Amino acid sequence: MAGGVTGVGSWPGADPREAATVVLGELGRLPHLVELPARGLGADMIGRASALLVDLQLDVSTSAYRVVQRRGSVAKRATDFLNQDLDALEEAWESAGLVGADHVVKVQSVGPLTLAAEVELGTGRRVLTDPGAVRDFAESLGEGLARHAAEVTRRLGAQVLIQFDEPRLPAVLAGTLSGRSRLETVRAMPEPEALAVLEAALAGSGGVTMVHCCSADLPTDLLRRSSARAVGLDVSQLAPSDLDGIGELLDAGKELALGLIPTTAPAVPATWRDLARPAVTLIDRLGFPRTTLRTQVAVTPACGLAGADGSWSRDALKFCAEVSSAFTDDPESL
């Protein structure tokens, strides 16, 4: 992954074939299976999980996705959407003549902790309030992603990198999530417990993994101790207090997917040098050689591009490629 370029996951619009063609064209070395949340229920991050979970069913309530006993319409929609996305990527892959080549494709899923924070039990409480249910979700998700990755490899003949999206991870650790009612409290989850939940899904997937969190207060120590090969983050969310933790991730040999490109077009036009500068400054402040930008860093948008217009989504990937080329070719000159 280091030295490469990829997207975070979501993409604007509702046409999987157009999205697959664009992403494959711009991200030939590390394309990703896009998510198109504009299609509605079942296509968003949590809805997608309903197509991946094994022996756990989700549907919608008046307030959130909820665990149900039988497979409902939302899970069916989610499965249809996922199959459409796979079909579109397979067609674009064949058209590009990539079958049989040594390539890597990235797939994404909500992580087990964010999933448990966002989904309700049948009682209306967050799954996160039931430790047994949290473990069940982590194991189910890991198994589902192992099957999903195997399907992608079967279709494309490519290796698969599995990205777990954990935007709620800092809130889960801090205990800042509200209850669904005035009587419900959501405790802060201790880091060792959270790490065990995350590891159950990472290990269960059986593949090469990364964890992406575009929120502030990135739990670098937890992520350093995880088995994930890479950590994805939004560089603009980093605070001075995060620097030591980022350095420890690099010291531990983790690769960083640095979110450097805005998810919507900036008000003031920027050059690739402007967008690359925060990463260069970060590496310099940490005291690492700039060659680290080549050996341990990949470039991504700051987060998903679902909110971008069609023009900026393409431009964002092009900027990613330009920044990555500079990191790879001559980082010392930046």
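The values are calculated or read from the model by the stated rules, or taken from the named source; none is laboratory data. Remember, it's a predicted structure, so these values are computed and weren't measured experimentally. For neighbour counting, all protein chains shown are included, and Cβ atoms are generated from backbone atoms with ideal geometry for every residue, glycine included. The protein model used for the area step is the full one, side chains on, heavy atoms only, and it has no ligands, DNA or RNA in it. Shrake-Rupley method; radii C 1.70, N 1.55, O 1.52, S 1.80 Å.
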| Before we move on, is Glu184 touching a residue at least 40 places away in the same chain (Cβ under 8 Å) and of a type in the set (D, E, K, R)? | yes
| In region 9-38, what count of residues is obtained for those that are touching a Leu at 6+ places or on another chain (Cβ under 7 Å) and either without any contact (Cβ under 8 Å) to a residue 40 or more places away in the chain or not acidic (Asp, Glu) (or both)? | 11
| task | Would you mind finding the one in Leu173, Leu156 that is open to solvent by less than 20 Å² (accessible area, probe 1.4 Å) and farther than 21 Å from Ala75 by Cβ? | result | Leu156
| remark: Only one of Ala88, Ala133, Ala78, Ala117 is open to solvent by less than 10 Å² (accessible area, probe 1.4 Å), under 20 Å from Ala171 (Cβ atoms) and not in a loop (DSSP other than H, G, I, E, B), namely Ala117
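If I ask for residues that are small (Gly, Ala, Ser), at pLDDT 95 or above, surrounded by fewer than 18 Cβ atoms within 10 Å (Cβ to Cβ) and in contact with a helix residue (DSSP H, G or I) (Cβ under 7 Å, 6 or more places away or on another chain), which ones from region 176-204 would you list?
Keep residues of region 176-204 that are small (Gly, Ala, Ser), which gives 178-179, 181, 188, 194, 196, 200-201, 203-204.
Keeping just the survivors that are at pLDDT 95 or above gives 194, 196, 200-201, 203-204.
Add one more test, that the residue is surrounded by fewer than 18 Cβ atoms within 10 Å (Cβ to Cβ), and what stays is 196, 203.
Matches in region 176-204: Ala203 only.
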| message | I'd like to check something: does region 308-316 contain any residue that is assigned to a loop (DSSP other than H, G, I, E, B), of a type in the set (Gly, Ala, Ser) and closer than 22 Å to Gln108 by Cα? | response | yes
| request: Check Ala96 against each of (1) touching a residue at least 60 places away in the same chain (Cβ under 8 Å); (2) open to solvent by 50 Å² or more (accessible area, probe 1.4 Å); (3) in contact with a strand residue (DSSP E or B) (Cβ under 7 Å, 6 or more places away or on another chain) and name the one condition it does not meet. | output: (3)
| request: Can you tell me which residue among Asp329, Asp251, Asp274, Asp284 is within 23 Å of the chain's Cα centre (by Cα) and surrounded by fewer than 20 Cβ atoms within 10 Å (Cβ to Cβ)? | output: Asp251
| If we keep just the residues of region 39-51 that are within 21 Å of Thr6 (Cβ to Cβ) and either in a strand (DSSP E or B) or touching a residue at least 24 places away in the same chain (Cβ under 8 Å) (or both), which is most open to solvent (accessible area, probe 1.4 Å)? | Met45
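Is it fair to say Val99 is assigned to a helix (DSSP H, G or I) and of a type in the set (A, V, I, L, M, F, W, C)? Full working, then the answer.
Details: assigned to a helix (DSSP H, G or I): no; of a type in the set (A, V, I, L, M, F, W, C): yes.
So Val99 fails the test.
Only one of these is open to solvent by 30 Å² or more (accessible area, probe 1.4 Å), assigned to a loop (DSSP other than H, G, I, E, B) and farther than 19 Å from Met1 by Cα: Ser241, Ser215, Ser236. Name it. Break it down stepwise before answering.
Working: Ser241 fails: assigned to a loop (DSSP other than H, G, I, E, B); Ser236 fails: assigned to a loop (DSSP other than H, G, I, E, B).
Result: Ser215 is the single residue among Ser241, Ser215, Ser236 that is open to solvent by 30 Å² or more (accessible area, probe 1.4 Å), assigned to a loop (DSSP other than H, G, I, E, B) and farther than 19 Å from Met1 by Cα.
Out of Ala188, Ala196, Ala201, Ala171, report the one residue that is touching a strand residue (DSSP E or B) at 6+ places or on another chain (Cβ under 9 Å) and of a type in the set (A, V, I, L, M). Steps first, answer last, please.
Details: Ala188 fails: touching a strand residue (DSSP E or B) at 6+ places or on another chain (Cβ under 9 Å); Ala196 fails: touching a strand residue (DSSP E or B) at 6+ places or on another chain (Cβ under 9 Å); Ala171 fails: touching a strand residue (DSSP E or B) at 6+ places or on another chain (Cβ under 9 Å).
So the residue among Ala188, Ala196, Ala201, Ala171 that is touching a strand residue (DSSP E or B) at 6+ places or on another chain (Cβ under 9 Å) and of a type in the set (A, V, I, L, M) is Ala201.
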| task | Name every residue in region 289-318 that is surrounded by fewer than 24 Cβ atoms within 10 Å (Cβ to Cβ), touching a helix residue (DSSP H, G or I) at 6+ places or on another chain (Cβ under 9 Å) and either farther than 14 Å from Val8 by Cβ or β-branched (Val, Ile, Thr) (or both), in order of residue number. | result | Pro289, Arg290, Thr291, Thr292, Arg294, Gln296, Gly310, Arg314, Lys318
| said: Show the residue pairs meeting these rules: Cβ distance below 6 Å; 6+ apart or different chains; first residue within region 221-239 and closer than 15 Å to Ile162 by Cα; second residue of a type outside the set (A, V, I, L, M, F, W, C). | reply: Ala228/Thr209; Ala230/Glu255; Val231/Lys254; Gly232/His212
| said: Given (1) touching a Pro at 6+ places or on another chain (Cβ under 9 Å); (2) hydrophobic (A, V, I, L, M, F, W, C); (3) more than 27 Å from Val110 (Cα to Cα), identify the lone condition not met by Trp272. | reply: (1)
| Taking region 23-38 on its own, how many of its residues are modelled with pLDDT under 95, out of contact with any Pro (no Cβ under 8 Å at 6 or more places or on another chain) and in a helix (DSSP H, G or I)? | 2
